[in-house]
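The values are calculated or read from the model by the stated rules, or taken from the named source; none is laboratory data. Nothing here was measured: the structure is a model prediction, and the numbers come from that model. Backbone-built Cβ (ideal geometry, glycine too); neighbour counts: all protein chains shown.
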Amino acid sequence: MPFLQRAVIAATAIVFCAGPANARGGSYSGAWPVTITGSQFGNGTGCLTLTQNASGGSASLVFDNQKYPYGSFVVVNGILVANITEPLYGQNGALMFIAHASHGHIGKGVYENIEGGSNFDFGALSFGMKNGC
């Protein structure tokens, strides 16, 4: 087998073993305080709970005493993307949390509320310490 083929197979095996949620090392499972600022409707602090598995994981949110039990997340190339299903009238929306993530720590990012397939609201996003809520 030529060297290039062996290198591609080895690189592919490393990517599949690492998995998207662990691509930058560390575990993201835990309860993360999230603070949204600069938003028209969504300012405040809540708790985003992530439960990691090999391909990403599940996510849930408590925000302003409202519970959102259904969501998912992945971490790819140092970016966390978590989406939470937001039940609406006749359709579902999505609460998106996008932030830098590396070695089990989540940094600052962007919050977006999508309703009817369009951007409804957005703001700056920051995360507190893991298991801080």
Could you tell me which numbered condition Gly117 fails, if it satisfies all but one of (1) of a type outside the set (A, V, I, L, M); (2) surrounded by fewer than 16 Cβ atoms within 10 Å (Cβ to Cβ); (3) in contact with a Leu (Cβ under 9 Å, 6 or more places away or on another chain); (4) farther than 17 Å from Ile36 by Cβ? (3)
Looking at (1) over 12 Å from the mean Cα position of the chain (by Cα); (2) at pLDDT 95 or above, find the lone condition where Thr51 falls short. (1)
Selection within the range 41-79 - of a type in the set (Gly, Ala, Ser), within 12 Å of Gly30 (Cα to Cα) and surrounded by 20 or more Cβ atoms within 10 Å (Cβ to Cβ): Gly57, Ala59
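Is it fair to say Ala94 is in a strand (DSSP E or B), aliphatic (A, V, I, L, M), surrounded by 14 or more Cβ atoms within 10 Å (Cβ to Cβ) and without any contact (Cβ under 8 Å) to a residue 60 or more places away in the chain? Give the derivation first.
Numbers: in a strand (DSSP E or B): yes; aliphatic (A, V, I, L, M): yes; surrounded by 14 or more Cβ atoms within 10 Å (Cβ to Cβ): yes; without any contact (Cβ under 8 Å) to a residue 60 or more places away in the chain: yes.
Answer is yes for this residue.
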Condition test on Asn83, is it under 21 Å from Ser29 (Cα atoms), touching a Ser or Thr at 6+ places or on another chain (Cβ under 9 Å) and at pLDDT 95 or above? yes
Count, please, the residues in the range 101-114 that happen to be surrounded by 15 or more Cβ atoms within 10 Å (Cβ to Cβ) and farther than 14 Å from Ser27 by Cα. 5
Given (1) out of contact with any His (no Cβ under 6 Å at 6 or more places or on another chain); (2) modelled with pLDDT under 95; (3) under 29 Å from Glu86 (Cα atoms), number of the condition Ile14 does not satisfy: (3)
Any chance Val62 is out of contact with any Gly (no Cβ under 7 Å at 6 or more places or on another chain) and either among the β-branched types (Val, Ile, Thr) or at pLDDT 95 or above (or both): no
Residue by residue through the range 24-40, note down the ones that are farther than 18 Å from Asn83 by Cβ and either at pLDDT below 95 or in contact with an Asp or Glu (Cβ under 7 Å, 6 or more places away or on another chain) (or both). Arg24, Gly25, Gly26, Ser27, Gln40
